[in-house]
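> One structure coming up, written as structure tokens, with questions to follow.
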Amino acid sequence: MDAFTLPDFYLSHPARINPNVERARRHTMAWARDMGMLDTPSPRGGLVWDEPALAAMDYALMCAYTHPDCDGPMLDLITDWYVWVFFFDDDFLEEFKYSRDLKGGQAYLDRLELFMTDDGQDAPEPENAAERGLDDLWRRTVPLMSADWRRRFRASTHFLMVESMWELDNIQRQRIANPIEYIQMRRRVGGAPWSANLVEVAAGAEIPAEVAATRPVKVLTDTFADAVHLRNDLFSYQREVREEGENSNAVLVFERFFDCSTQQAAEMVNDLLTSRLLQFEDTALVEIPAMLADHAVPPPGQADVAAYTKGLQDWQAGGHEWHARSSRYMNQGAATRSGGLHGPTGLGTSAGRPVFTSIGPGARRRTRQHSQPVCPPVGHLDLPPLHIPFEVRLSPHQDTARRASREWARAMGMITPTPPAGLDGVWDDDEFTAMDLAFCAARIAPDGDLDGVTLAALWLTWGTYGDDAYPRVFGATRNLGAAKALTDRLPAFMPLDMGAVPEPANAVERGLADLWRRTAAPMPTAARQSFRTAVEEMTTSWLWELGNQAANRVPDPVDYLEMRRRTFGSDMTISLSRLAHYEEVPEGVYQTRTLRELETAAQDAACYLNDLYSYQKEIEFEGEVHNMVLVIENFLDVDRHTARDIVVDLIRVRVEQFEHILATGLPDLFEQWELDDNARRVVTAHAEHLKEWMSGILAWHDEVARYREDWLRAKHRPQAPSGFWWRPTGLGTSAARLAPAATT
């Protein structure tokens with residue numbers, strides 16, 4: 001009996017089938033046999049796969065659905081890749097997941113990595129079916145593509161294989177991930193980014209290197225990946241969770257976190273799947289064309305991006321159709337309910353097949369996203385105690401940093417006694433006093449010297465000022481073009497060679513030019529690049545906020561949680577301490593899953609506590625749409641108190657994950673990288689700093705007047721003759737949004 005009834009899926013694009021499907025079936029069966037995949041023994045007895053099992057799973061049919069337009073030889077190659085990846089997954093399960101053999105699993109993965117060679121390198125002699133398959137496929141594929149594609153595909157394959165250890169570790173510890181951790185890790189473990197790379201191969205349409213790392217292309221790929229994985233989790237729940245004892249499945253994760261029935265969890269997972277598909281469409285239709293124009297991509301490159309986008313869309317439709325038919329999954333009746341490909345499926349038969357597009361879920365989700373009332377009277381949001389159990393300490397340099405930051409803000413033109421002029425004078429003295437950003441700096445860097453604490457206070461001041469100035473100056477006219485023009489100028493004030501900069505034209509540019517000179521000069525070049533990237537990610541996130549505000553669009557939950565770290569300036573403020581010891585830790589340590597997850601867990605806790613404290617300020621007084629409480633209200637269609645409780649739980653599970661990594665992940669990292677005593681001290685000190693970063697931000701929110709209802713009502717009065725008024729912000733908020741004047 002199935003664990004739940006499959007939900008009503010959003011399917012906006014009909015599935016099509018490649019006419020070369022029978023050829024691919026014959027080819028890939030012979031290839032799997034040649035590689036030894038059909039006679040690999042299972043430690044539990046029998047074989048991992050045999051010919052009837054492979055035929056029933058029918059990966060040739062999957063690839064014919066997901067790549068309907070490529071020719072026969074290309075379909076053979078793509079199908080072989082999928083046979084390999086599914087064999088790898090099942091073989092790894094049989095060899096190491098059931099036995100909980102962590103060391104053996106790591107050695108298995110380390111060997112596989114050796115078969116993804118660079119030019120001039122030789123692979124070792126394959127010793128098993130997975131190695132033979134990867135060796136053969138690598139040799140057949142990489143000559144077709146550029147060095148840039150090879151780099152990206154190698155990284156995707158690396159994550160797909162290596163992050164399997166995360167699943168194995170969770171199984172061994174009987175640990176179920178929290179929703180945020182799961183979405184992040186599933187994207188790496190599940191392999192859909194890897195599938196997206198193969199779409200480029202099948203379509204003969206490689207993403208131009210100059211735009212491959214842009215936000216629109218990344219979002220296109222990430223939304224594709226998340227939708228593929230969430231759909232797979234719905235179809236595979238029965239097999240993975242009920243039959244195989246797996247615990248990496250979104251339905252199970254939602255079931256445990258929300259303490260709800262399996263059916264309710266499945267419906268929530270499907271809602272998230274729908275939301276990700278809608279963002280894919282918005283990105284493809286709005287952000288991608290703008291990005292192509294902005295980068296002046298020539299017509300052939302534009303055509304490649306369009307073909308890639310179409311290939312991802314075809315994959316979504318075909319992947320759903322295959323899941324509805326494959327013996328691998330829980331899909332009883334799914335093909336019938338989804339209006340699948342009944343009857344003939346050969347070339348020229350499409351007119352005889354029904355076309356199904358379940359637009360209901362998508363229409364409901366899109367309507368809700370764009371229907372947020374402006375400045376609803378939500379009232380004060382009472383908060384329970386938050387689980388951030390770390391000590392708060394105070395720097396003795398707080399008062400000096402407070403005076404210095406006020407003088408600096410005045411000198412930069414951020415505080416003026418006269419009405420604001422453009423990007424100058426956005427704050428007055430009362431607003432600056434109510435923020436007291438030096439209070440925050442003195443607690444997130446309690447052991448810093450005077451210069452360090454002052455510098456932290458100045459960066460907090462600059463980041464908060466920019467976050468206020470953008471909506472105040474550019475929001476009134478919805479002038480996103482002018483906002484982008486300013487953002488495009490900002491990197492010029494952060495030269496990596498510490499050379500000359502343009503003449504600053506406003507407080508944002510003056511502040512950045514001054515801070516870059518103070519901060520980056522002592523850094524090695526690689527550290528400067530890392531810090532500049534963190535600043536750029538924050539400033540470009542302000543454009544994302546303006547775009548959502550102009551469209552009155554409550555963000556998709558996954559997009560919000562990822563962009564919230566940027567709008568909060570998390571990487572920028574955290575990296576100030578980390579980069580001070582940049583050369584004392586081996587390159588790559590801070591890019592490991594352990595430290596990446598440690599930092600993002602801390603960042604999320606701080607971001608969401610800010611959203612809790614600023615809820616009334618942002619929603620009622622500022623007409624904001626960027627707040628996790630509101631995002632959950634909108635996504636789950638629940639009241640604000642229910643959404644508040646969910647956010648409180650998200651903070652708790654992220655802090656618990658932080659603590660789990662401290663207890664288990666860091667010791668493993670130290671051993672795996674063989675770090676010396678000094679490097680261990682530096683990494684440990686960084687983890688301690690993250691504790692102080694979270695506890696200091698919480699203490700700041702508890703103390704300042706910025707989020708108190710009496711201050712909000714006293715400060716926010718209609719000022720502009722047009723009936724609009726502006727409000728300033730606190731640390732990391734997206735405040736000062738333009739909204740209609742209150743009528744109360």
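The values are calculated or read from the model by the stated rules, or taken from the named source; none is laboratory data. Values in this document were obtained by computation on a predicted structure and should not be read as measured data. Cβ: placed from backbone, ideal geometry, glycine included. Neighbour counts: every protein chain shown. Areas reflect the complete protein model, heavy atoms only, side chains present, ligands, DNA and RNA absent. Shrake-Rupley method; radii C 1.70, N 1.55, O 1.52, S 1.80 Å.
> By how many nm would the segment from Q529 to C260 grow when fully extended, if each residue of separation counts as 0.36 nm and the alpha-carbon distance is taken off?
Details: separation 269, 0.36 × 269 = 96.84 nm, distance 4.54 nm.
Difference between extended and current length: 92.3 nm.
> Right, here's the next one. Please give, to one decimal in nm, the separation of the simple spin-label points placed at R713 and R242, each 7 Å out from Cα toward the Cβ.
That separation, rounded to one decimal, is 5.5 nm.
> Arrange the peptides 26-38, 647-659 so that the one whose residues have, on average, the most other Cβ atoms within 10 Å appears first. Spell out each step's value before the answer.
Numbers: 26-38: 18.5, 647-659: 20.4.
In descending order of packing, they fall as 647-659, 26-38.
> Here's something else I'd like to know. If I model a spin label at A500 and A147 as a point 7 Å from the Cα along the Cα→Cβ vector, what separation in nanometres do I get?
Once both label points are built, they end up 3.4 nm from each other.
> Of the accessible area of the chain, with the probe set at 1.4 angstrom, what percent is carbon plus sulfur? List each step's numbers first, then the result.
Working: 14860 of 28420 Å².
The C+S portion of the solvent-accessible surface of the chain is 52 percent.
> Follow-up. Quick one: which residues, 5+ away or cross-chain, put their amide H under 5 Å from the amide H of L47? H built at 1.01 Å from N.
Those qualifying (amide H under 5 Å, at least 5 residues apart or on another chain) are S42.
> If amide hydrogens are placed 1.01 Å from N in the peptide plane, which non-local residues have theirs closer than 5 Å to the one on W427?
T416
> Here's a follow-up. If you put +1 on each Lys and Arg Cβ and -1 on each Asp and Glu Cβ, how big is the dipole of the stretch 1-67 around its Cα centre, in Debye rounded to 20?
My answer is approximately 220 debye.
> Right, another one. Could you work out how much longer the chain between A685 and S327 gets when fully extended? Use 0.36 nm per residue separation minus the Cα distance between them, nm to one decimal.
Working: separation 358, 0.36 × 358 = 128.88 nm, distance 5.09 nm.
Result: 123.8 nm gained on full extension.
> Then there's this: Explain nothing, just the number: dipole magnitude of the chain about its Cα centre with +1 on each Lys and Arg Cβ and -1 on each Asp and Glu Cβ, in debye rounded to the nearest 20.
On the way: 75 positive and 110 negative charges, 381 e Å.
Dipole about the Cα centre, nearest 20: 1840 debye.
> Amide H of E246 versus every other amide H placed in the peptide plane: which residues, excluding those fewer than 5 positions away on the same chain, fall under 5 Å?
Distant-sequence amide H within range of E246: V241.
> Oh, and also: So if each residue of separation counts as 0.36 nm, and I subtract the Cα-Cα distance between A53 and A30, what length gain in nm does that give?
Numbers: separation 23, 0.36 × 23 = 8.28 nm, distance 1.40 nm.
Fully extending the segment from A53 to A30 adds 6.9 nm.
> Could you order peptides 179-190, 287-298 by the average number of other Cβ atoms within 10 Å of their residues, highest first?
Details: 179-190: 21.7, 287-298: 14.9.
For the peptides 179-190, 287-298, the packing ranking is 179-190, 287-298.
> I'm checking a number: the convex hull volume of the Cα atoms of the stretch 423-581, normalised per residue, in Å³. What is it?
126 Å³
> Less than 9 Å Cβ to Cβ from W31, Lys/Arg counted +1 and Asp/Glu -1: what total charge do the surrounding residues give? Before the final figure, lay out the partial values.
Working: positive: R33; negative: D34, D76, D80, D136.
Every neighbour counted, the sum reads -3.
> Please compute the per residue accessible area over the chain with all protein chains in place, 1.4 Å probe, rounded to a whole number of Å².
Details: 28420 Å² over 744 residues.
Ligands and nucleic acids excluded, the figure is 38 Å² per residue.
> So if we plug the beta-carbon distance of A705 and D69 into 1/(1 + (r/R0)^6) with R0 = 51 Å, what FRET efficiency do we get, rounded to 0.05? Walk me through the numbers on the way to the answer.
On the way: r = 61 Å, r/R0 = 1.19.
The value I calculate is 0.25.
> Still on this structure, please answer the following. Would you please give the FRET efficiency between H641 and E391, computed as 1/(1 + (r/R0)^6) with r the Cβ-Cβ distance and R0 = 41 Å, to the nearest 0.05? List each step's numbers first, then the result.
Details: r = 30 Å, r/R0 = 0.74.
With a Förster radius of 41 Å, E is 0.85.
> What order, most packed first, do the peptides 204-210, 509-515 have when packing is the mean number of other Cβ atoms within 10 Å of each residue? Show your work: numbers first, answer last.
Details: 204-210: 17.9, 509-515: 21.3.
Top of the packing list down: 509-515, 204-210.
> How large is the direction-averaged shadow of the alpha-carbon convex hull of the stretch 1-141, in nm²? It would help to have the intermediate numbers written out before the result.
Working: hull surface 45.7 nm².
Over all viewing directions, the stretch 1-141 projects a mean Cα-hull area of 11.4 nm².
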